[in-house]
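Laboratory data are not the source of any read-out in this text; all were calculated from the coordinates shown. Computed from a prediction, not measured in an experiment: that's the story for all the values here. As a convention, Cβ positions derive from the backbone with ideal geometry for all residues, glycine included, and neighbour counts pool all protein chains shown.
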Amino acid sequence: MKKILITGAAGFIGSRLLSILASRGDEVIGIDNINDYYSVVLKYRRLEENGFKADFQAPAAGSSATDTAATQASAPAPAALVSSKWPNARFIKMDLCDKPSLDALFEAEHFDKVVNLAAQAGVRYSITNPYSYLKSNLEGFLNILEGCRNFAVPHLIYASSSSVYGLNSNVPFSEEDIVTRPVSLYAATKKSNELMAHAYCKLYGFAATGLRYFTVYGPWGRPDMAPMKFARLITSGKTIDVYNNGDMLRDFTYIDDIVEGTVRVIDTLPEVNSDGLRYGVYNIGCGHTVRLMDFISELEKALGVKADINFMPMQPGDVYETYADTSKLERDFGYKPRVDLHTGIGRFAEWFKSDKNPLK
């Protein structure tokens with residue numbers, strides 16, 4: 001049994017990961033600031049699914065991770081909620097930018113693993129709200145690195161993103177590709193995380209594994225992502241905006257495959273690389289592309305409703321194609337995605353139409 005910290009534990013991937021680790025017996029502590037980048041109701045319901053009573057106060061409208069941190073900076077660490085499903089799982093509302101509380105948590109718990117999934121998400125949002133990315137994705141991540149350094153955490157696993165590939169035209173995207181041409185500030189912060197982690201591995205000797213997540217979908221997904229956003233509009237008879245006139249390719253990966261791969265990485269220290277560091281970066285995706293229009297067609301069938309589509313040009317920050325070469329993750333961790341698009345969309349649609357979905 002390991003003691004594991006999950007940041008972003010009210011998020012899409014984090015909430016599912018917490019349930020898998022807790023159910024197998026690990027001692028898990030989840031933290032999240034529950035900011036209102038998207039519906040806090042969905043975040044509360046994810047917490048409730050994991051046995052945490054969601055009785056927190058939501059941030060004021062328009063607040064951000066930065067605002068929340070500022071109000072907590074001088075406050076003591078909040079008390080933990082214990083899951084009614086798993087006595088080995090706890091949740092604390094906490095912001096990564098609240099360094100005093102975060103340090104107190106690291107000092108008290110002596111984590112074996114830290115999984116950093118907390119970040120200011122969204123490519124297009126980074127164009128209009130750049131400062132929230134600098135605080136959450138850079139300052140917040142630095143606080144995580146400092147916690148691992150100062151409190152002897154053996155292994156950090158952290159979320160990077162497929163967006164780091166930017167203008168890269170080599171497909172499928174390989175970890176060996178040079179990624180120095182981002183097309184959004186969000187992507188730039190994620191590449192910065194990889195560089196920061198490498199520096200801390202070199203300076204302080206702990207292990208770090210970065211995961212470049214590709215497009216994730218499934219039950220409890222983010223409402224700002226295409227599957228959830230399209231489903232809500234389609235079922236309410238509203239028009240969906242489809243960019244680049246529908247000519248886009250995405251490496252859609254079902255949530256259970258993503259979490260299963262993440263767990264494999266949590267359970268294994270990275271091998272010592274050619275620089276003498278236990279440091280690695282991996283693509284984690286499905287390993288093949290789906291045309292956006294084919295994805296929409298599959299969604300229409302599962303929901304039983306035809307979409308009204310408004311075709312639009314490419315948007316700033318978007319890329320034409322994401323396509324993961326997952327051979328490195330398969331070789332080192334035995335990762336192999338199992339859920340095909342038809343099955344995954346079917347499961348998503350079933351959840352979307354059910355009473356479990358608070359946003360339908």
Per-residue Cβ contact counts at 10 Å, fewest first, order His155, His198, His288, His110 as His110, His288, His198, His155
Debye sum, Cα scatterers, the chain, no solvent: what log₁₀ I/I(0) at q = 0.06, 0.09, 0.11 1/Å? -0.20, -0.47, -0.72
Under a 10 Å cutoff between Cα atoms, tell me which one of Val272, Val153, Val263 has the largest fluctuation in the Gaussian network model of the chain. Val272
Only helical DSSP H runs with n ≥ 4 go in: add -39500 (n - 2.57) per run for the chain, normalise by residue count and round the 222 nm mean residue ellipticity to 500 deg cm²/dmol. -11000 deg cm²/dmol
If you plug each phi of the range 274-284 into the Karplus form 6.51 cos²θ - 1.76 cosθ + 1.60 with θ = phi - 60°, what whole-Hz ³J(HN,Hα) values come out, in order, with x for Gly and Pro? 5, 8, x, 10, 8, 9, x, 10, 9, 6, 9
For the range 334-340, 3J(HN,Hα) per residue [Karplus equation, 6.51 cos²θ - 1.76 cosθ + 1.60, θ = phi - 60°, Hz, x = Gly/Pro]: x, 6, 8, x, 10, 8, 6
Can you return the lysines within cross-link range of Lys238? Criterion is Cα-Cα under 28 Å, with same-chain partners fewer than 8 residues away left out. Lys43, Lys229, Lys301, Lys306, Lys353, Lys356, Lys360
Could you compute Rg(Cα) / (2.2 N^0.38 Å) for the range 266-318, with N its residue count? 2.00
Normalized C-alpha radius of gyration of the range 146-302, against 2.2 N^0.38 Å? 1.19
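Kirkwood hydrodynamic radius, computed over distinct alpha-carbon pairs, for the range 112-172: how many Å, to one decimal?
Mean inverse Cα-Cα distance, inverted, gives 13.3 Å.
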Sequence-separation-based contact order of the chain, relative, with Cα cut under 8 Å and 6+ spacing, percent: 16
For the chain, modelled as a Gaussian network with Cα springs under 10 Å, which listed residue fluctuates most, Tyr217, Tyr38, Tyr282? Tyr38
HN-Hα J in Hz across the range 116-122 - Karplus 6.51, -1.76, 1.60, θ = phi - 60°, x for Gly and Pro: 9, 10, 6, 5, 7, 8, x
By the Kirkwood definition, with r running over pairs of different Cα atoms, the range 229-300 has a hydrodynamic radius in Å of 15.3
Determine the dipole magnitude for the chain: charges of +1 sit on the beta-carbon of Lys and Arg, -1 on that of Asp and Glu, nothing else is charged, the reference point is the Cα centre, and the result goes in debye to the nearest 20. 560
Once amide H atoms are built 1.01 Å from N in the peptide plane, which residues 5 or more positions from Val281, or in another chain, come under 5 Å H to H? Gly210
Evaluate 2.2 N^0.38 Å with N set to the residue count of the range 244-346, then give the Cα radius of gyration divided by it. 1.33
Proximal aspartates and glutamates relative to Lys328, as straight alpha-carbon distance under 14 Å, when same-chain residues fewer than 8 apart are discounted: Glu175, Glu176, Asp177, Glu271
GNM, the chain, Cα, under 10 Å: largest mean-square fluctuation among Leu249, Leu195, Leu134? Leu195
